[in-house]
Protein chains: 4
Amino acid sequence: MGNFKGHALPGCLFLLIGFWWSVKFPLKYLCRKKKHASSLGSKTGFQRIELAEGIFKAVFSLIGMTAEQFVSSGPHLKLYDYETKQWHQLMNWQHATLYLFYCISGLVDIVAHSTNVLPVALDKMMLSLAVFAEGFLLYYHIHGRSMLDFHLHQLLIVAVFGAAFCIFLEVFFRGIVVLEMLRTSLCILQGSWLWQIAFVLYPPSGSPEWNQMDHNNTMFLTVCYCWHYAFAILIMAVNYTIVSWIVRSKIKQTPTMEIGLLKTSERDQESEDEM
Amino acid sequence: MGNFKGHALPGCLFLLIGFWWSVKFPLKYLCRKKKHASSLGSKTGFQRIELAEGIFKAVFSLIGMTAEQFVSSGPHLKLYDYETKQWHQLMNWQHATLYLFYCISGLVDIVAHSTNVLPVALDKMMLSLAVFAEGFLLYYHIHGRSMLDFHLHQLLIVAVFGAAFCIFLEVFFRGIVVLEMLRTSLCILQGSWLWQIAFVLYPPSGSPEWNQMDHNNTMFLTVCYCWHYAFAILIMAVNYTIVSWIVRSKIKQTPTMEIGLLKTSERDQESEDEM
Amino acid sequence: MGNFKGHALPGCLFLLIGFWWSVKFPLKYLCRKKKHASSLGSKTGFQRIELAEGIFKAVFSLIGMTAEQFVSSGPHLKLYDYETKQWHQLMNWQHATLYLFYCISGLVDIVAHSTNVLPVALDKMMLSLAVFAEGFLLYYHIHGRSMLDFHLHQLLIVAVFGAAFCIFLEVFFRGIVVLEMLRTSLCILQGSWLWQIAFVLYPPSGSPEWNQMDHNNTMFLTVCYCWHYAFAILIMAVNYTIVSWIVRSKIKQTPTMEIGLLKTSERDQESEDEM
Amino acid sequence: MGNFKGHALPGCLFLLIGFWWSVKFPLKYLCRKKKHASSLGSKTGFQRIELAEGIFKAVFSLIGMTAEQFVSSGPHLKLYDYETKQWHQLMNWQHATLYLFYCISGLVDIVAHSTNVLPVALDKMMLSLAVFAEGFLLYYHIHGRSMLDFHLHQLLIVAVFGAAFCIFLEVFFRGIVVLEMLRTSLCILQGSWLWQIAFVLYPPSGSPEWNQMDHNNTMFLTVCYCWHYAFAILIMAVNYTIVSWIVRSKIKQTPTMEIGLLKTSERDQESEDEM
């Protein structure tokens, strides 16, 4: 993964997920608030979305694991090289492990939202553990690098552990939109920051190298990190506005009769499921 | 900002805000407790105050951002100096970034308290993020300074992160006066400590320089930090007493009929808004 | 304890406990959910189980303490060696202390679940303190070791403190199955990791020594740690599935009449006891 | 305070307070549980006790502050020695500051429990801040000491910050006996550990000096710290048993008629006061 693509690709993925969440969570919140029960905003609808997210997560991480193993430079499931007496392609094994936890999280999502056997809060707990594992692997990944490289990855870890902590809180404070939006913003931050890392460490041909030892670069990147976060907030604000405008215009069109009763029973079921 | 004024000015600002909060929060608490519904203590009144605070925050940080950019020694929106191959005036960019987050926090306050589109708890979340960003920038700001300078800023960071944590807790425990007072005290502490930093690092002409390497100075300033906090508590106690006395004397004057019903409906609305 | 058996034996114990918990907690959760009141799933049944666990914990740690003192190489209650002017067998004293806290935790369990004198939440608090004490002793245990040894024990400490924190949360969020399962997974992780430590530091005769200074080994073991955790999750998933299948098949057999009333009164009593 | 008495005296104080709490909190809990409304266990009775505690705290810390200033070797309110160009007796100023915060905490207790102007939870918040300030001063106090001295004080700080965190939690989870007992145990631990420090650093004449550089001593003291905590738990268990026995025997004697109504109104008032 020590190249431009290796940082930019997962960056794209995180950006996409963050973007999707910045649409989904406001939608969910506004629909619940407006007691709007069309197929879009209904509880069953959102459960189906959660299920789809779980399947997406599981499938995508499976592909990721396979790719890490069987790319041309990959370990092809070989862990130890007996000839050189060295571990074989540890980097790829590390990334495959990382995907493994997201895969487990996806599977838990699928089971938790398609059956009622598992406690619902388990999906958040498993996601939190997956993000924590990512941060954990990253933390021991960056040992002994040059100053700028270390600093860049350290800032990434702040976002990752922040997200893990935020999702852990969601286990206890489920469905609070403020926490969900915090998580979304940290996810977007992670994605855009991976792009930043890619550009700094592997500058595209033509542009100059960054001086790894210049303290000014470190300081600039710290400020830059904050701008990335402000950018994440901007994306979320724009999406929130659009979603809010759509939900409002939809309500005016659809009649909202005979919903009250339906909603109550749904909420009862929900609060029953929660713990 | 490496001068006396650069520390004293924001110090004044934090002192003013802290002072204002040390009046506002006791007032809010005592009015709610006494179920006193004059224009001063009514819920709508406080919502208007929150709105005003948001506007103040947004406007003031916009001014701050502009000032940091366009003062005579500022970067004038120029980020990179191609001649010296150096980042241009990073300090000012850093401070402008700091103001940017407070500005966003102000805008969120305005939208959250003037419309009912946003979840109310978002104002606290955004303020917490702004304070956290301040602490974050400060943390990477103080790298490689002399011992006394480092220690002074480290103590400042304790107050800043403490405040960020406290406001984060307020997202979940909204409207608990004890947390609000803790936040207020940390805000005053931050303000008065900025003055202390100004006096120690840039002593006014005539007074002697501080020995940056003397461990005794470090120890004295630690004790001094505690005195600043005790001073913050004193200010709050005095203001609490005055506010409490005013509220009590006002209640004796105004009749408190027909309020019960009004209050109940207000509280219902409030608890509905909260999440 | 500086040998293979000294790490493998407690490893077995933790694995056994983790395995047992991975059966017990799903069972408890599913029974409560299905309102299944056979002798297996009733509240009194589970209270008896808690009592049995307490007795097991107390007895086993007493045996452990005695063993640590009176094995042939043990201190035989002698703390200070006046001849060599040295503390006598500090390692064994340390382990005995570790068992002491688990013993206290067992005693508290017994009293809390057999009488109603103690607050129920005290069992979790004491267990949390025992696990914390384990982590605390471990933390000061690993000072000044070689890189690989240090890293291995550091990862162990992550699991131990994680479990202590998780149990501490259970004091406030009692009976939430998600937290109980997190605790279980960390317990299994600790057990299997102790086996890993045993194999790495004291390789069985025939297999080669690990290079203590190779950074690659450190990196491999970090990844390996994640695999251990994935393995713990696998065990829990298998057990959950089996338990869920048994509970479901049992419900089909037994009639579930006249339970409602009984349950309600039980729950009332429970919520009364809790605080 | 760099002598035997300087550590043993506050040690006594903490031991006394811890002992008293280990009687008070079980008594409060058991009385509330048994709905026993004699003068001993009534809510007004306990409020009077809280008030007395506040007065005791305020008076005692005032005495402490005065003593630190005006003992023969004290600073006599002189902060800076212009002759030697040195801060004058910083140690005493530090301890006086420490007492100052306990004094403020005592004053807040008095006002919060004698009037109904202040929010009740403020007493815990202020106590938490006082304990935190103690840990904070201690933390910057131990800079640059020899290994054993540093280790001893570090362990003390663990107990102090643990207590501060525990009391902070009590702000939100008020009146939960498990937290109160945790706080009590940490208070006793702090007291007995201060005695340990006194004996190790200033051994009474006749006994040998401790080798400050021996790693074995450090390890022994870590184990010893755990024994101190086990001792604290023992004291609490004994006191809990005695209190529980007394409460039970008292209930048998006094009739418990017409209390129900009274209790309900009391509880209502309590829950109203709390926030």
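The values are calculated or read from the model by the stated rules, or taken from the named source; none is laboratory data. What you are looking at is a predicted structure, and each value in this text was computed from that prediction instead of being measured. We place every Cβ from the backbone using ideal geometry, glycine too, and count neighbours over all the protein chains shown.
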Do we find that D:ALA159 is farther than 29 Å from D:LEU27 by Cα and assigned to a helix (DSSP H, G or I) in this structure?
-> no
Conditions (1) at the interface with chain C (Cβ under 10 Å from one of its Cβ atoms); (2) part of a helix (DSSP H, G or I); (3) at pLDDT below 95 -> A:ALA112 fails only (1)
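Counting just the residues of segment B:115-135 that are out of contact with any helix residue (DSSP H, G or I) (no Cβ under 6 Å at 6 or more places or on another chain) and at the interface with chain A (Cβ under 9 Å from one of its Cβ atoms), which one comes out farthest from A:GLU180 (Cα to Cα)? Explain how you work it out, then say what you get.
If we filter segment B:115-135 for residues that are out of contact with any helix residue (DSSP H, G or I) (no Cβ under 6 Å at 6 or more places or on another chain), which is where we start, we get B:115-116, B:129.
Narrowing further to those that are at the interface with chain A (Cβ under 9 Å from one of its Cβ atoms): B:116, B:129.
Details: B:ASN116: 19, B:LEU129: 15 Å.
Per the criteria, the residue is B:ASN116.
Just wondering, is there one or more residues in segment D:78-85 that are at the interface with another protein chain (Cβ under 8 Å from one of its Cβ atoms), out of contact with any Pro (no Cβ under 6 Å at 6 or more places or on another chain) and over 21 Å from B:VAL177 (Cβ atoms)?
The answer is no, given that none of the residues of segment D:78-85 is at the interface with another protein chain (Cβ under 8 Å from one of its Cβ atoms), out of contact with any Pro (no Cβ under 6 Å at 6 or more places or on another chain) and over 21 Å from B:VAL177 (Cβ atoms).
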On the given criteria, is C:LYS57 in a helix (DSSP H, G or I), out of contact with any Cys (no Cβ under 7 Å at 6 or more places or on another chain) and among the charged types (D, E, K, R)?
-> yes
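Results for (1) under 18 Å from D:TRP210 (Cα atoms); (2) of a type in the set (A, V, I, L, M), shown as yes or no for each residue.
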site	(1), (2)
C:ILE55	no, yes
C:ILE63	no, yes
C:GLU68	no, no
C:TYR80	yes, no
Can you name the number of the only condition in (1) under 30 Å from B:ILE142 (Cβ atoms); (2) crowded, with 20+ Cβ neighbours inside 10 Å that B:ALA67 fails?
-> (2)
Is one or more of the residues making up segment B:39-51 touching a residue at least 12 places away in the same chain (Cβ under 8 Å) and within 14 Å of another protein chain (Cβ to nearest Cβ)?
-> no
Would you check if there is a residue in segment A:139-160 being buried (at least 17 other Cβ atoms within 10 Å of the Cβ) and closer than 25 Å to C:MET181 by Cβ?
-> yes
Restricting to segment B:136-182, what's the tally of residues that are within 13 Å of the chain's Cα centre (by Cα), at the interface with another protein chain (Cβ under 8 Å from one of its Cβ atoms) and not hydrophobic (A, V, I, L, M, F, W, C)?
-> 0
Does B:ILE233 count as at the interface with chain D (Cβ under 10 Å from one of its Cβ atoms), in a helix (DSSP H, G or I) and modelled with pLDDT of 95 or more?
-> yes
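Which is within 13 Å of chain B (Cβ to nearest Cβ), touching a residue at least 40 places away in the same chain (Cβ under 8 Å) and not hydrophobic (A, V, I, L, M, F, W, C), of A:TYR202, A:TYR240?
Exactly one residue qualifies, and that residue is A:TYR240.
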Which of the residues spanning segment A:186-220 are modelled with pLDDT of 95 or more and touching a Ser or Thr at 6+ places or on another chain (Cβ under 8 Å)?
-> A:ILE188
Is there a residue being closer than 21 Å to B:SER128 by Cα and either basic (Lys, Arg) or outside any helix (DSSP H, G or I) (or both) anywhere in segment A:178-186?
-> yes
Could you tell me whether segment B:33-41 includes any residue that is in contact with a helix residue (DSSP H, G or I) (Cβ under 9 Å, 6 or more places away or on another chain), modelled with pLDDT of 85 or more and part of a helix (DSSP H, G or I)?
-> no
Any idea which residue in segment D:52-64 is farthest from the other protein chains (Cβ to nearest Cβ), counting only those that are surrounded by fewer than 17 Cβ atoms within 10 Å (Cβ to Cβ) and over 19 Å from D:GLY11 (Cα atoms)?
-> D:ALA52
Please enumerate the residues belonging to segment C:83-138 that are surrounded by fewer than 20 Cβ atoms within 10 Å (Cβ to Cβ) and basic (Lys, Arg).
-> C:LYS85
Within segment B:205-221, restricting to residues that are under 30 Å from the mean Cα position of the chain (by Cα) and not in a loop (DSSP other than H, G, I, E, B), the one that is farthest from the other protein chains (Cβ to nearest Cβ) is B:LEU221
Output yes when any residue across segment A:85-102 is within 30 Å of C:GLY175 (Cβ to Cβ) and either assigned to a helix (DSSP H, G or I) or of a type in the set (Ser, Thr, Tyr) (or both), and no when none is.
-> yes
Within segment D:211-223, the count of residues that are in contact with a Leu (Cβ under 9 Å, 6 or more places away or on another chain) and surrounded by fewer than 17 Cβ atoms within 10 Å (Cβ to Cβ) comes to 5
Taking into account only those residues within segment B:86-104 that are within 7 Å of chain A (Cβ to nearest Cβ) and modelled with pLDDT under 90, which is nearest to B:GLU134 (Cα to Cα)?
-> B:LEU90
